[in-house]
Amino acid sequence: MAAQAAAAAQAAAAQAAQAEAADSWYLALLGFAEHFRTSSPPKIRLCVHCLQAVFPFKPPQRIEARTHLQLGSVLYHHTKNSEQARSHLEKAWLISQQVSFPYVKFEAASLLSELYCQENSVDAAKPLLRKAIQISQQTPYWHCRLLFQLAQLHTLEKDLVSACDLLGVGAEYARVVGSEYTRALFLLSKGMLLLMERKLQEVHPLLTLCGQIVENWQGNPIQKESLRVFFLVLQVTHYLDAGQVKSVKPCLKQLQQCIQTISTLHDDEILPSNPADLFHWLPKEHMCVLVYLVTVMHSMQAGYLEKAQKYTDKALMQLEKLKMLDCSPILSSFQVILLEHIIMCRLVTGHKATALQEISQVCQLCQQSPRLFSNHAAQLHTLLGLYCVSVNCMDNAEAQFTTALRLTNHQELWAFIVTNLASVYIREGNRHQEVDILQF
């Protein structure tokens with residue numbers, strides 16, 4: 001018996017030593033890979049070599065899946081080798097479904113769908129996200145994150161109805177798992193899309209509900225203030241869309257107070273107890289620019305052109321500082337919208353040369369992003385048309401307005417373009433064209 005016990009003890013010790021050795025080589029390779037990834041500058045080739053060196057050891061499926069995810073992520077974020085990135089992420093997704101490893105499974109699905117969209121394979125991204133959403137209901141953070149991601153994908157495709165439906169599902173799920181904070185994020189996001197669809201009758205009760213949730217929620221001060229900023233931005237936009245310029249002032253004042261409050265708060269590193277609360281709408285610095293932007297929008301509608309120029313200058317200065325460290329696409333969107341407003345301001349005040357320089361800036365920004373150009377092409381041609389009118393080049397103005405009409409299906413922009421095109425025809429003495437365009 002003693003001999004058997006000794007043999008068993010030796011076998012256990014050998015197994016433990018083998019496991020420790022296995023852990024050692026894996027942790028060593030992982031440590032080297034992370035060292036090379038975080039070097040300055042990053043040594044991505046060496047990082048990839050270290051991760052690839054894991055596979056010859058024939059690791060357990062959990063390690064294999066995680067390594068494929070890490071390789072896919074590094075290749076996706078740091079190289080142009082999308083084919084290999086896709087291959088590793090697909091393997092991570094496939095293997096992780098065979099073992100209980102939620103983090104790898106859903107991270108792989110999220111990254112892989114991003115990559116599919118980047119390759120214009122939206123039809124591959126949608127079913128992948130739907131499958132991940134279906135199997136993630138027991139993992140609140142990932143379930144909410146994947147719902148947001150699929151809703152964003154539908155929004156980019158202009159399918160706002162499907163996006164709103166998904167955000168509604170997310171709001172109900174967040175309520176069930178006891179996350180009023182994330183419920184508010186889903187509902188506010190839905191409100192934003194309803195504003196884009198001009199469904200103003202549906203927006204009002206939704207914003208009323210959101211206001212109650214935001215005021216009643218007690219949690220992280222920065223998260224609470226960011227919810228309030230989101231809510232007030234939608235309120236201001238709602239009033240401006242409805243032409244109620246005077247009603248905006250109290251909301252705008254609250255919004256500016258919120259930003260001042262947020263700037264004095266320190267980021268709390270304590271994680272929320274509810275995993276579904278692990279979201280944040282925008283960084284503080286981005287919110288500050290957004291508040292400048294809605295202030296400019298209000299100033300333009302109210303006719304306070306000097307105030308509009310003042311806040312535009314402040315916002316653009318802050319954007320330039322942020323873009324040195326942050327390449328987030330939303331910053332370029334903010335910059336283009338600010339420039340569009342200030343260009344109209346310049347044309348009204350007679351600063352035509354400055355307006356043309358700023359139109360050139362918008363062109364350069366749009367050239368850097370096909371999506372940005374697609375979203376702002378009609379506005380860009382409209383601004384060029386307005387500039388041509390200001391310098392009395394009516395033929396060019398007509399060409400720009402006609403192109404802008406062809407590129408937009410936005411009702412208010414379309415009406416604005418048609419009105420300006422009609423004025424061009426009047427100034428040219430072409431009244432038949434004016435009647436045709438107004439009837440159209």
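The values are calculated or read from the model by the stated rules, or taken from the named source; none is laboratory data. As the structure is a prediction and not an experimental result, all values here were calculated from the model. Glycine also receives a Cβ, built like all others from the backbone with ideal geometry; neighbour counts cover every protein chain displayed. Surface areas here come from the heavy atoms of the whole protein model, side chains and all, with no ligands, DNA or RNA. Shrake-Rupley method; radii C 1.70, N 1.55, O 1.52, S 1.80 Å.
Any idea how far apart Gln218 and Leu265 come out in nm if each label point goes 7 Å out from Cα toward Cβ?
1.6 nm
What three numbers, in Å, describe the spread of the alpha carbons of region 22-101 along their principal axes, ordered from the longest?
The Cα atoms of region 22-101 stretch 37, 30, 19 Å along the principal axes, largest first.
Among His341, His49, His286, what's the order by accessible area (1.4 angstrom probe), most exposed first?
Accessible-area ranking of His341, His49, His286, largest first: His49, His341, His286.
Pulled fully out, how much extra length does the chain show between Lys323 and Lys80, if you take 0.36 nm times their separation in residues and subtract their Cα-Cα distance?
Taking 0.36 nm per residue and subtracting the Cα distance, the gain is 85.3 nm.
Can you put His381, His68 in order of accessible area, largest first, using a 1.4 Å probe?
Per-residue accessible area, sorted high to low, gives His381, His68.
Quick one: if you stick a label point 7 Å off each Cα along the C-beta vector at Glu197 and Met394, how many nm between them?
Those two pseudo-labels are separated by 4.3 nm.
Computed FRET efficiency, Cβ-Cβ of Leu94 and Ala53, R0 25 Å: what is it to the nearest 0.05?
That pair, Leu94 with Ala53, gives E of 0.70.
If you place +1 on the Cβ of every Lys and Arg, -1 on the Cβ of every Asp and Glu, and leave all else neutral, what size is the dipole of the chain about its Cα centre, to the nearest 20 Debye?
200 debye
Per Stokes-Einstein, at 10 °C and 1.306 mPa s, what whole-number D in µm² s⁻¹ belongs to region 369-439, with the Kirkwood radius over Cα pairs as the hydrodynamic radius?
131 µm²/s
Once the dipole of the chain is set up with Lys and Arg at +1 and Asp and Glu at -1 on Cβ about the Cα centre, which of His381, Thr402, Gln212 lies farthest towards its positive end?
Gln212
Which FRET efficiency, nearest 0.05, do Tyr103 and Thr402 yield, Cβ-Cβ r, R0 45 Å?
Approximately 0.25, to the nearest 0.05.
Identify which of Tyr239, Tyr103, Tyr311 has the largest mean-square fluctuation in a Gaussian network model of the chain, with springs joining Cα atoms closer than 10 Å.
Judging by the Gaussian network model, the answer is Tyr103.
Taking only DSSP H segments of four or more residues, each worth -39500 (n - 2.57), what value at 222 nm results for the chain once the sum is divided by all its residues, to the nearest 500 deg cm²/dmol?
Computed mean residue ellipticity for the chain: -27500 deg cm²/dmol.
Size of the dipole of region 115-210 about the Cα centre, Lys and Arg at +1 and Asp and Glu at -1 on the beta carbon, nothing else charged, in debye to 20?
140 debye
What does the charge dipole of region 22-101 about its Cα centre add up to, to the nearest 20 debye, if the Cβ of each Lys and Arg holds +1 and the Cβ of each Asp and Glu holds -1?
In total the dipole reaches around 140 debye.
So which of Lys43/Lys158; Lys105/Lys199; Lys80/Lys190; Lys131/Lys323; Lys80/Lys105; Lys126/Lys249 end up more than 32 Å apart, counting from Cα to Cα?
The pairs that break the limit, which is 32 Å between Cα atoms, are Lys43/Lys158; Lys105/Lys199; Lys80/Lys190; Lys131/Lys323; Lys126/Lys249.
Got a sec? What order do Asp277, Asp313, Asp326 fall in by accessible area at 1.4 Å, biggest, i.e. largest, first?
Asp313, Asp326, Asp277
Given a Förster radius of 51 Å and the C-beta distance between Ser24 and Ala377 as r, what FRET efficiency does 1/(1 + (r/R0)^6) yield to the nearest 0.05?
E between Ser24 and Ala377, to the nearest 0.05, is 0.35.
If I take the Cα coordinates of the chain and project them onto the principal axes, what are the three extents in Å, biggest first?
Projected onto the principal axes, the Cα atoms of the chain cover 111, 47, 38 Å.
Once both labels are modelled 7 Å past Cα along the beta-carbon direction, what's the Ser247-Val348 spacing in nm?
So the two model labels end up 2.1 nm from each other.
What figure, in Å² to the nearest 10, do you get for the accessible area of Ser273 with a 1.4 Å probe and non-protein molecules left out?
Around 120 Å² of this residue is reachable by solvent.
Given 0.36 nm per residue, what is the gain on full extension from Ser369 to Glu157 after removing their alpha carbon distance, in nm?
This chain segment gains 74.7 nm when fully extended.
Hey, if you put +1 on the Cβ of every Lys and Arg and -1 on every Asp and Glu Cβ in region 22-101, which of Tyr76, His88, Gly31 ends up farthest toward the positive end of that dipole?
The residue sitting most towards the positive pole is Tyr76.
Round to the nearest 10 and give me the degree value, 0 to 90, for the angle of helix 411-428's Cα axis relative to the longest principal axis of the chain.
30 degrees
Averaged per residue, what accessible area in Å² does the chain show with a 1.4 Å probe, protein chains only?
Per residue, the chain has an accessible area of 53 Å².
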